[in-house]
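First the structure, in the form of structure tokens, and then the observations on it.
The values are calculated or read from the model by the stated rules, or taken from the named source; none is laboratory data. In this text the structure is predicted, and so the values were computed from the model without any measurement. Reconstructed Cβ throughout: ideal geometry from the backbone, glycine too, with neighbour counts over all protein chains shown.
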Amino acid sequence: MEAEGLDWLLVPLHQLVSWGAAAAMVFGGVVPYVPQYRDIRRTQNADGFSTYVCLVLLVANILRILFWLDGMQWYNLGSLQPLPPGFK
């Protein structure tokens with residue numbers, strides 16, 4: 001009975017965590033490179049910086065997001081239940 005009384009809190013909390021996880025999935029691949037970008041801007045020196053590495057990381061992050069989205073779609077389709085017998 002007490003769990004039913006907390007539904008008003010648990011449902012929005014679950015949605016907030018879900019949105020936070022989705023945002024972390026999208027932006028998580030970019031955040032570690034912010035200090036490198038700031039250092040290059042500050043020193044105006046890009047020695048050791050490789051555009052090929054950036055391209056590989058970009059493709060890897062796009063694939064990661066696409067696989068994650070694909071998994072979410074299959075998860076949602078798998079939760080569908082068959083209709084009861086005699087239901088039209």
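Just for the stretch 52-63: of the residues that are modelled with pLDDT under 85 and of a type in the set (A, V, I, L, M), which one is surrounded by the most Cβ atoms within 10 Å (Cβ to Cβ)? This residue is Leu57. Considering every residue within the stretch 64-74, establish whether at least one is at pLDDT 85 or above and either surrounded by 10 or more Cβ atoms within 10 Å (Cβ to Cβ) or not basic (Lys, Arg) (or both). Looking for residues that are at pLDDT 85 or above and either surrounded by 10 or more Cβ atoms within 10 Å (Cβ to Cβ) or not basic (Lys, Arg) (or both), one finds none in the stretch 64-74, hence no. Within the stretch 38-51, the residues that satisfy the criterion of being at pLDDT 85 or above and of a type outside the set (Gly, Ala, Ser) are Arg38, Asp39, Ile40, Arg41, Arg42, Thr43, Gln44, Asn45, Asp47. For the stretch 3-44, filtering for residues that are out of contact with any helix residue (DSSP H, G or I) (no Cβ under 9 Å at 6 or more places or on another chain) and either farther than 28 Å from Leu69 by Cβ or among the hydroxyl-bearing types (Ser, Thr, Tyr) (or both) leaves 16.
Can you tell me how many residues within the stretch 17-48 are small (Gly, Ala, Ser), part of a loop (DSSP other than H, G, I, E, B) and within 17 Å of the chain's Cα centre (by Cα)? Steps first, please.
Step one: list which residues in the stretch 17-48 are small (Gly, Ala, Ser), which gives 18, 20-24, 28-29, 46, 48.
Adding the requirement that they be part of a loop (DSSP other than H, G, I, E, B) leaves 28-29, 46, 48.
Filter once more, keeping what is within 17 Å of the chain's Cα centre (by Cα): 28-29.
Result for the stretch 17-48: 2.
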